[in-house]
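Peer 1: Quick one: the structure is below, and I'll ask about it shortly.
The values are calculated or read from the model by the stated rules, or taken from the named source; none is laboratory data. These numbers come from a predicted model, not from an experiment. Note that each Cβ is placed from the backbone with ideal geometry, even for glycine, and that neighbours are counted across all protein chains shown. Keep in mind that these areas ignore ligands, DNA and RNA; they rest on the heavy atoms of the full protein, side chains included. Shrake-Rupley method; radii C 1.70, N 1.55, O 1.52, S 1.80 Å.
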Amino acid sequence: MSSELRRQLREDRKPLVGISGATPHHAQLTEAAGFRLFFHSGSQAAAHIMGMPDAGLMTLTEATDNIRRICQSISIPVIADCETGFGNVVNTTRAVHEFITAGVAGFFLEDQTFPKRCGFTKGVEVVSISEASAKYRAACAKRDDLDPDVVVIARTDSRAAVGGSVDEVLRRCEAYLTCGVDMLMVMALQSREEMQRVLEAFPEVAIYINASSVKPALSTAEYEASGAAVYNISISKVSQLMMEAFLRDCRERQADAFNDFMETQKQSKLGTFSYLELTGFPAVLDIEKRFLPEERLAKYAGSLGEYDPRG
């Protein structure tokens, strides 16, 4: 998948639009909708997988297990959140090894202190440029050993961090580009003007902009005109808000709320049990057909069900 990600970055219309989420099912929904790039969000994974805040609490092992399942569940590239490398340069080297062998096509590594926190949460602190640069060099060295096509993205949280500024963002981006990284990722820029200042400072560099702090939110046309190489849309945030709104209605109206909602979805190609199709139940049937005697397959004709993997 790493070569496919590089092909997209080289050949496809910019900006690339990726969907970010936290779970294999988020990734499967993304691919089924026709998107060709999935972003693993460490912040959303902490919430969905652990039920914990994005405060450096998810371990490397927990993160890698989830990322491996995501990569195995889809056939499109995955860009993963490598946090701070889960420690110093030694920890970063191991983290990169684990992420690449899990199947990622690319990953971003941030310059926050450890333990880190969500980049849009007050209290963010960043390490020195020299410490961050050492991690990026270590990450690129391990990448080169394992799969030179994997895309390494240097993420800076220095705009919203303690003492942060756009000048500091520019200074760090310039330094990080000397470490062998392929892309830059800039967090928490505060305005369209700040975005353009960063993008114009590095016109030949692929930059992934997370513009969640820019208000009002950027339109599709603005992203397309910006010069950014990549941006993401969070399926996790959408699902959380939609589920919370539904649950408030459900708390008041119980079954009627569910029935009314399902009526609004009649034109959807996804039904109540569509997750069984999306997660690969037809492949279970294929295995049964190949390896079980014919009489064992009679269970499909002799039983009832809302979902039939035979189609």
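Peer 1: Counting only protein heavy atoms and using a 1.4 Å probe, what share of the accessible area of segment 66-111 belongs to carbon plus sulfur, as a whole percent?
Peer 2: On segment 66-111, the fraction of accessible area on carbon and sulfur atoms equals 47 percent.
Peer 1: With +1 on each Lys and Arg Cβ and -1 on each Asp and Glu Cβ, how big is the dipole of segment 1-118 about its Cα centre, in debye rounded to the nearest 20?
Peer 2: 280 debye
Peer 1: Classify segment 112-231: rounded, prolate or oblate, from the alpha-carbon gyration tensor (a ≥ b ≥ c, eigenvalue square roots; a/c under 1.5 rounded; otherwise prolate if a/b is larger than b/c)?
Peer 2: oblate
Peer 1: Using Cα positions and a limit of under 24 Å, work out the lysines in reach of residue 215, with same-chain residues fewer than 8 apart set aside.
Peer 2: 14, 122, 237
Peer 1: Using a/c under 1.5 as the rounded threshold, could you call segment 175-311 rounded, prolate or oblate? The axes a ≥ b ≥ c are square roots of the C-alpha gyration tensor eigenvalues, and prolate needs a/b larger than b/c, oblate otherwise.
Peer 2: Here segment 175-311 falls in the oblate category.
Peer 1: Something else: Can you list residues whose amide H is under 5 Å from residue 151's amide H, if they're 5+ apart or on another chain and H is modeled 1.01 Å from N?
Peer 2: Result for residue 151 returns 106, 107.
Peer 1: Antiparallel DSSP bridges in the chain: what percent, to the nearest 5?
Peer 2: The antiparallel proportion sits near 5 percent.
Peer 1: If you take every residue apart from residue 94 with its C-beta less than 14 Å away from the C-beta of residue 94, what net charge results, scoring Lys and Arg +1 and Asp and Glu -1?
Peer 2: Once positives and negatives cancel, what remains is 0.
Peer 1: Further, regarding this structure: Specify whether the C-alpha gyration tensor of segment 176-238 places it in the rounded, prolate or oblate class, a ≥ b ≥ c being the square roots of the eigenvalues: rounded for a/c under 1.5, otherwise prolate if a/b is larger than b/c and oblate if not.
Peer 2: prolate
Peer 1: What is the magnitude of the charge dipole of the chain about its Cα centre, with +1 placed on the Cβ of each Lys and Arg, -1 on the Cβ of each Asp and Glu, and no other charges, expressed in debye to the nearest 20?
Peer 2: That gives the chain a dipole magnitude of about 60 debye.
Peer 1: Something else: Give me the net charge of residue 292's neighbourhood, meaning all other residues with Cβ under 12 Å from the Cβ of residue 292; Lys, Arg count +1, Asp, Glu -1.
Peer 2: Net charge in that neighbourhood comes out at 0.
Peer 1: Starting from the Cα-Cα distance between residue 200 and residue 90, subtract it from 0.36 nm times their residue separation and give me the gain in nm to one decimal.
Peer 2: Difference between extended and current length: 36.2 nm.
Peer 1: Here's a follow-up. Answer with a single label: of (1) 19.1; (2) 14.1; (3) 16.8, which was calculated as mean projected area of the Cα convex hull in nm² from the structure in view?
Peer 2: Calculated mean projected area of the Cα convex hull in nm²: the matching label is (1).
Peer 1: Aspartates and glutamates within cross-link reach of residue 269: Cα-Cα under 16 Å, excluding same-chain residues under 8 positions apart?
Peer 2: Leaving aside aspartates and glutamates fewer than 8 places away in the same chain, those within reach of residue 269 are 31, 277, 306, 308.
Peer 1: While we're here: Given a 1.4 Å probe, how much area per residue of the chain is accessible, in Å²?
Peer 2: 51 Å²
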